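These notes are about the structure you will find just below.
The values are calculated or read from the model by the stated rules, or taken from the named source; none is laboratory data. Computed from a predicted structure; not experimentally measured. Every residue, glycine as well, gets a Cβ built from its backbone with ideal geometry; the counts of neighbours run over all protein chains shown.
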Amino acid sequence: MKQKQNPIATPRAKWQIGASSMSKIVLDIETKNTFADVGGKENLKNLDVSVTCVYSYDTDSYVCFNEHEMEGLTETLKKARLIIGFSINRFDIPVLEKYMPFNLTAIPRLDLLEEIEYATGSRISLDLLAKHNLGTQKTYHGLEAVRLYREGNMKELIEYCTKDVEITKNLYDLVRRQRYLLIPDRFTGELKKVKLELQEELLPTGLF
């Protein structure tokens with residue numbers, strides 16, 4: 001059986017053609033520094049973005065922006081009517097806010113981790129969800145992304161971030177199709193079907 005290749009980020013010039021409004025995007029960021037570098041989680045907003053990767057449902061493609069391409073990311077986010085992610089309300093959006101010249105929190109968001117927390121009362125890693133529901137796993141983990149940035153290994157960093165976006169997208173699509181995910185019990189490890197009813201709100205076109 002042929003193994004599925006990782007998604008390839010599309011050049012921005014091609015990706016943005018005709019994309020005056022994007023109904024839904026999936027987003028993930030990586031940072032240049034760690035909580036230890038900024039004095040703890042309470043200083044979350046002092047983290048700096050190294051790369052942001054986005055999947056667009058309208059164009060069925062991935063694109064990534066590095067720290068020097070925030071203008072392009074800004075224009076992309078202004079076109080979004082719904083942002084989908086994993087722990088984006090606790091992490092990605094608060095970190096990105098300082099870079100955006102508009103109210104990023106005005107765009108509706110669907111946070112898969114929060115939906116799971118509401119249903120189960122506990123959190124779970126993206127890696128475990130990918131393993132039990134998609135038969136795949138993350139390529140790296142949090143602190144390794146910071147290491148890749150500091151080593152100047154942007155190619156692997158972008159591949160890692162894109163893979164996280166792909167996993168989040170595929171989990172979201174799976175929930176939309178079957179309305180549940182397989183989640184291990186936090187005490188026994190037994191896999192259970194957890195029903196998830198996603199409530200989506202799309203931003204009216206043209207707000208930004």
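In table form, for the structure just shown:
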read-out: Evaluation of Leu148 against (1) within 24 Å of Lys24 (Cβ to Cβ); (2) modelled with pLDDT of 95 or more (one fails), failing number; value: (1)
read-out: Residues within segment 82-94 that are surrounded by fewer than 19 Cβ atoms within 10 Å (Cβ to Cβ) and either assigned to a helix (DSSP H, G or I) or not hydroxyl-bearing (Ser, Thr, Tyr) (or both), tallied; value: 4
read-out: Total residues in segment 53-81, condition without any contact (Cβ under 8 Å) to a residue 60 or more places away in the chain and outside any strand (DSSP E or B); value: 13
read-out: Residues (without any contact (Cβ under 8 Å) to a residue 12 or more places away in the chain and in contact with a Phe, Trp or Tyr (Cβ under 8 Å, 6 or more places away or on another chain)) located in segment 28-51; value: Lys41, Asn43
read-out: Test: Leu27 is among the aliphatic types (A, V, I, L, M), assigned to a helix (DSSP H, G or I) and modelled with pLDDT of 95 or more; value: no
read-out: Test: residue in segment 82-102 that is more than 29 Å from Tyr180 (Cα to Cα), modelled with pLDDT of 95 or more and among the acidic types (Asp, Glu); value: yes
read-out: Residues of segment 158-208 satisfying the condition of being under 18 Å from Ile88 (Cα atoms) and among the acidic types (Asp, Glu); value: Asp164, Glu166, Asp173, Glu200, Glu201
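Matching residues to (1) more than 20 Å from Val54 (Cβ to Cβ); (2) at pLDDT below 95; (3) surrounded by 19 or more Cβ atoms within 10 Å (Cβ to Cβ):
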position	(1), (2), (3)
Glu117	yes, no, no
His132	yes, no, no
Lys155	no, no, no
Glu166	no, no, yes
Leu171	no, no, yes
Leu174	no, no, no
Tyr180	yes, no, no
